[in-house]
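One structure is given below, encoded as structure tokens.
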Amino acid sequence: NMAKTKQFTISIENRPGTVAEIARTLGSAKVNILALLGTAQGTTGTVELVVEDARRAKKALDEAGLTYKETTAVEYELPNKPGALAECLDKLAAKGVNLNSICATVSKGGRKAVVVYTVAVEEKSAAA
């Protein structure tokens, strides 16, 4: 089960409460966050997220004055069992897909896991 989605990459200051502000901004706009990954690089950081309603998220982020980049991502559902991720990634590698970012999540005891990944822009146009 595969679907195209949008991933937002937001550049942030690395300080307490920054991710909470983004979550509050989106929550107040009734935007549901499906996946989130935050990383720090010294005094700055990056938050990558996938939401249910990309249009509503863009509006909320714009109104909050947050700087972000929008990327096409692929959301892939797979069985929640050992080896399923490796099998999925082996297929992508065999097709020559080079991942730019990836995150995976599953709820404890859930039957399905969800993987979200992006690829480099040049590769997407080369594959098209």
message: Just to verify a number: FRET efficiency for S11 and A120, C-beta to C-beta distance, R0 = 25 Å, to 0.05?
response: 0.85
Gain on full stretching of the segment that runs from A3 to K95 - 0.36 nm per residue minus C-alpha separation: 31.4 nm
statement: Amide H neighbours of N80 at under 5 Å, excluding residues fewer than 5 places away on the same chain, with H built from the backbone geometry, are K112, A113
- prompt: Considering only protein heavy atoms, what per residue accessible area in square angstrom results for the chain with a 1.4 angstrom probe?
  reply: 64 Å²
- prompt: What percentage of the solvent-accessible surface of the chain, computed with a 1.4 Å probe over protein heavy atoms, is contributed by carbon and sulfur atoms?
  reply: 52 percent
statement: Here segment 2-9 yields Karplus 3J(HN,Hα) values (6.51, -1.76, 1.60; θ = phi - 60°; whole Hz; Gly and Pro given as x) of 10, 9, 7, 8, 10, 10, 9, 10
- prompt: Taking R0 as 41 Å, what's the FRET efficiency between K81 and A40 from their Cβ-Cβ distance, rounded to 0.05?
  reply: 0.80
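Sum up the charges of everything whose Cβ sits under 11 Å from the Cβ of L34, counting Lys and Arg as +1 and Asp and Glu as -1, but leave L34 out.
Local net charge: -2.
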Environment charge at N80 (Cβ cut-off 9 Å; Lys +1, Arg +1, Asp -1, Glu -1): +3
- request: For segment 1-125, just the Cα atoms, rotate onto the principal axes and tell me the three extents in Å, largest first.
  value: 40, 37, 30
statement: If each K or R counts +1 and each D or E counts -1, the residues other than R111 whose Cβ falls under 14 Å of its Cβ total +2
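The values are calculated or read from the model by the stated rules, or taken from the named source; none is laboratory data. Keep in mind the model is a prediction, meaning the values are calculated, not measured. When we count neighbours, we look across all protein chains shown, and the Cβ atoms used for this are built from the backbone with ideal geometry, even at glycine. For accessibility, only protein heavy atoms count, side chains too; no ligands or nucleic acids. Shrake-Rupley method; radii C 1.70, N 1.55, O 1.52, S 1.80 Å.
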